[in-house]
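Structure record follows, encoded as structure tokens.
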Amino acid sequence: MPSSVISHFSYNEQDKVLKITFVTGLVYHYKNVPKRTYSLLKSSISKGRYFNFHIKDKFKFEKIESD
């Protein structure tokens, strides 16, 4: 289901890094994210709401300059 906040996201299972590209074009890598968190984001009806409650301010992150 499309999101008004998140443009795209992917997960590197080996490194446990969740990459989120927001509709603004900003890209972030969230570190040490469990696969379950990624799976629940993937299946959530509201990606933005799930992100706000379960990822934002819960995991260390790195802002990436460009995709």
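What follows draws every value from the coordinates through simple rules; no lab data is involved. All values derive from a computational prediction rather than experimental measurement. Using ideal geometry, Cβ is built from the backbone for each residue, glycine included, and neighbour counts are taken over all protein chains shown.
Around Ile64, which amide H atoms from residues at least 5 apart in sequence, or from another chain, sit under 5 Å from its own amide H, with H modelled in the peptide plane?
When sequence neighbours closer than 5 places are left aside, the close amide H contacts are Val27, Tyr28, His29.
Under 15 Å from a point 7 Å along the Cα-to-Cβ line of Ser44: which residues of the range 13-33 have their amide N that close?
Of the residues in the range 13-33, 18-23, 30-31, 33 have backbone N under 15 Å from the label point off Ser44.
For the chain, what does the convex hull of the Cα positions come to per residue, in cubic angstrom?
78
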